Amino acid sequence: MFKRLKAGFESLKAGLARTHNAIMGSVESAFTGKSREEVLDNLEESLISSDVGVKASTEIVDGLRTRMVGWDVDKFKDYLKESIYRILKEVERPLEINKAPYVIMVLGVNGVGKTTTIGKLAARYTAEGKTVLLAAGDTFRAAAVEQLEGWGQRVGCQVVKQAQGGDPGAVAFDAIKAAIARRADILILDTAGRLHTKVNLMEELKKVKRIVSRELPDAPHENLLVLDASTGQNALNQARLFNEAVGVTGIALTKLDGTAKGGIIVAIARELNIPIRFVGVGETVGDLKDFDANDFVEALI
């Protein structure tokens with residue numbers, strides 16, 4: 001068990017290497033300031049430029065002003081680790097599958113890794129012995145349906161779908177009926193992610209959510225928003241938009257291994273306080289990890 005945990009942490013550390021280098025490199029350069037205030041200003045600027053966010057960066061540096069005496073780079077790293085941990089601990093809430101069928105409605109714009117995240121979740125839960133049903137609710141992008149079917153074949157999950165251009169609400173209706181009839185443990189519903197007209201997209205998502213709730217009271221049980229960490233502050237804006245429209249109950253932050261902007265997780269946690277369920281640090285199924293605040297901070301700092 002220890003070896004598996006250690007291997008999991010090492011892959012997380014490797015996945016966060018670019019963000020770690022960006023944050024710690026800018027932090028260390030900030031200490032070239034000649035006066036205490038100059039160093040503090042440099043630190044605040046370096047954190048903001050690392051996508052930690054204005055609110056979180058200001059709070060961290062203001063705390064440093066009042067707490068640290070006779071400090072240096074190493075002491076600041078310890079303080080930074082403690083400060084970020086406090087913020088991230090507030091959103092460390094693993095997803096709990098506590099009823100059947102448990103409906104996960106997956107949200108996100110095109111290109112964030114939404115369908116791949118669905119596939120990885122399906123693989124995980126199937127390996128745990130659960131019966132998983134997938135629903136191809138993104139009827140406007142043919143590749144989305146094909147990709148979901150590919151995952152279904154790979155992990156042994158059935159896929160509910162309609163013809164391209166069909167009504168996403170009809171897919172959701174059929175999927176709920178199928179999940180109940182087949183006694184599925186989990187239904188994962190993909191949704192469209194085009195943002196060429198935000199109002200139309202959000203109204204469509206509201207409609208799908210209403211249909212799901214009508215056919216299965218209390219569902220969807222999870223509105224999981226997938227965000228691409230490499231988009232930085234844009235990911236935060238997307239989270240606000242989806243949360244205002246349909247209410248986001250959890251976040252999966254993907255592509256952390258390919259970016260230096262992983263600090264955005266701190267801004268999302270501090271400003272939105274939405275539970276972070278998963279982080280993606282690679283291509284394999286095992287690289288979609290349950291979010292653990294302590295491990296994340298240890299790997300980051």
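Each reported figure results from applying straightforward, stated rules to the coordinates on display, with no laboratory input. Bear in mind that the values here come from a model prediction, so they are computed numbers and not experimental data. Cβ atoms come from the backbone with ideal geometry, glycine included; neighbour counts cover every protein chain shown.
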Can you tell me which of Val208, Val248, Val285 moves the most in a GNM of the chain? Springs connect C-alpha atoms under 10 Å apart.
Val285
Going Cα to Cα from Lys261, which lysines come in below 20 Å? Please leave out same-chain ones fewer than 8 positions away.
Lys13, Lys55, Lys77, Lys81, Lys89, Lys114, Lys289
Where the only charges are on Cβ atoms (+1 Lys, Arg; -1 Asp, Glu), what is the dipole of the chain about its Cα centre, to the nearest 20 debye?
740
Environment charge of Leu148, counting only residues whose C-beta is closer than 14 Å and scoring Lys/Arg +1, Asp/Glu -1:
+1
Where does the stretch 102-292 land on Rg/Rh, using Cα atoms and the Kirkwood Rh?
0.94
Provide the convex hull volume over Cα atoms per residue for the stretch 119-207, in Å³.
89
Considering the chain as a Gaussian network with a 10 Å cut-off on Cα pairs, which listed residue, Thr32, Thr191, Thr126, attains the greatest mean-square fluctuation?
Thr32
Length released on extending from Arg93 to Val73, taking residue separation times 0.36 nm less the Cα-Cα span
4.1 nm
Please give the charge dipole size of the stretch 119-223, origin at the Cα centre, charges +1 on K and R Cβ atoms and -1 on D and E Cβ atoms. Round to the nearest 20 debye.
80
Counting Lys +1, Arg +1, Asp -1, Glu -1, what net charge surrounds Leu134 among other residues with beta carbon under 14 Å of its beta carbon?
+1
Using Cα springs under 10 Å in a Gaussian network model of the chain, which residue among Gly150, Gly15, Gly169 shows the largest mean-square fluctuation?
Gly150
